[in-house]
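Presented below is the structure to which this report refers.
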Amino acid sequence: MLKIIDSQQFRRTLEASIFEAEDSVRIISAFITRDALKWLSGQEPAADVSLMARWTPFDLISGASDFDSYWIAKEAGYRFFIDPTLHSKVYAFDDHSVYIGSANLTGNGLWLDREGNLESVTLIEPQMQDLSVIKGMFDSATELDDDLVKELEDYINSLPKAELENRNCQWPQLVRSKMGKRIKGLWVNDLLSSHPSEGDTLMPEDL
């Protein structure tokens, strides 16, 4: 099933999906803002909620995303992840419905005011491989905690005025080291083909 939803219908469709979700609500959005998080928490989802945003320094400097969204999410009991390479917009509810399109989890993306961005979103019935992709994105992202958020905020507040207009501004190396991709598993095809009889035998004294 494929269904294209325009930007003005999308928020109403999301409200219904949030209400119906029983197990999980997973939202991947390059930009996430406080007004959208207040709207989301106001829907009082019964399912577990996980969010993922991009959070480059310029995203936070420009207001495309904001630190307040993390604190609102924490208060609501949501998990919040970031990946500075993110550009996707995916809204997944349980294992039954996934929306993919251009709409960010922001006021403009959801038409929370009288006007918003012209967006389009497609509703799909996900296959197992689709759900694995979504899970993999969260698995490789960095989950935020209070200490890391405060460290990021302190860095933004320390930037000189000239650097605040630099779209290519990057997190410092020490911070980037805390945002490294995590390897959650190893696929069989990552290993060389061999047989236990090939190669050296590991003896107990070698352990």
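Ignoring GluC sites (Glu not before Pro) that are buried or in helix or strand per DSSP, and keeping those with at most 13 other beta carbon atoms within 10 Å, what is the longest stretch of the chain between them?
On the way: sites that count: Glu22, Glu115, Glu198.
Longest stretch, sites excluded: 23-114.
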Cα lying deepest toward the dipole's positive end in the chain, options Ile124, Ser102, Leu86, charges on Cβ: Ser102
The chain - mean residue ellipticity at 222 nm from DSSP helices (-39,500 (n - 2.57) per run, n ≥ 4, rounded to 500): -10000 deg cm²/dmol
The chain: angle of helix 7-20 to the longest principal axis, Cα-based, in degrees nearest 10: 60 degrees
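Given segment 1-144, what count of lysine pairs have C-alpha atoms under 20 Å apart, with each pair 8 or more places apart or on different chains? Can you show the working numbers first?
On the way: Lys3/Lys89; Lys38/Lys74; Lys38/Lys89; Lys89/Lys135.
The number of close lysine pairs in segment 1-144 is 4.
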Solvent-accessible surface (1.4 angstrom probe) belonging to Thr56, in square angstrom, nearest 10: 30 Å²
By DSSP, what percent of the beta bridges with both residues in the chain are antiparallel, rounded to the nearest 5? 65 percent
For segment 59-69, Karplus-derived ³J(HN,Hα) couplings (6.51, -1.76, 1.60; θ = phi - 60°; whole Hz; x for glycine and proline) come out as 4, 7, 5, 7, x, 4, 10, 8, 5, 4, 4
In debye, nearest 20: dipole of the chain around its Cα centre with unit charges on the Cβ of K, R (+) and D, E (-)? 700 debye
Quick one: in segment 1-45, what % of C-alpha pairs are over 16 Å apart? 46 percent
Residue separation between Gln43 and Thr122 times 0.36 nm, minus their alpha-carbon distance, gives in nm 26.3 nm
Antiparallel content of DSSP bridges confined to segment 23-137, in %, to 5: 55 percent
So what is the accessible area of the chain per residue, in Å², with the probe set to 1.4 Å? 61 Å²
Starting from the Cα of Lys178, draw a straight line to each of the aspartates and glutamates and keep only those under 18 Å, dropping any in the same chain fewer than 8 residues away. Asp83, Asp139, Glu143, Asp145, Asp146, Asp147, Glu151, Glu153, Asp154
For the chain, find the longest principal axis of its Cα atoms and tell me its angle to the long axis of helix 128-140, 0 to 90°, nearest 10. 90 degrees
So how far apart, in nm, are the two label points at Ile4 and Leu148 if each is 7 Å from Cα heading toward Cβ? 3.7 nm
Pull up all non-local amide H partners of Val49: gap of 5 or more, or a different chain, and H-to-H distance under 5 Å with H placed in the peptide plane. Val25, Arg79
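Run the numbers for Arg79 and Leu164: contour at 0.36 nm per residue of separation, minus the present Cα-Cα distance, in nm. The partial results should precede the final answer.
Numbers: separation 85, 0.36 × 85 = 30.60 nm, distance 2.83 nm.
Computed gain between Arg79 and Leu164 is 27.8 nm.
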Structure-derived volume of the Cα convex hull per residue in Å³: which label, when the choices are (1) 186; (2) 136; (3) 110: (1)
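The values are calculated or read from the model by the stated rules, or taken from the named source; none is laboratory data. Being a predicted model, the structure only gives us computed values, none of them experimental. Cβ atoms come from the backbone with ideal geometry, glycine included; neighbour counts cover every protein chain shown. Keep in mind that these areas ignore ligands, DNA and RNA; they rest on the heavy atoms of the full protein, side chains included. Shrake-Rupley method; radii C 1.70, N 1.55, O 1.52, S 1.80 Å.
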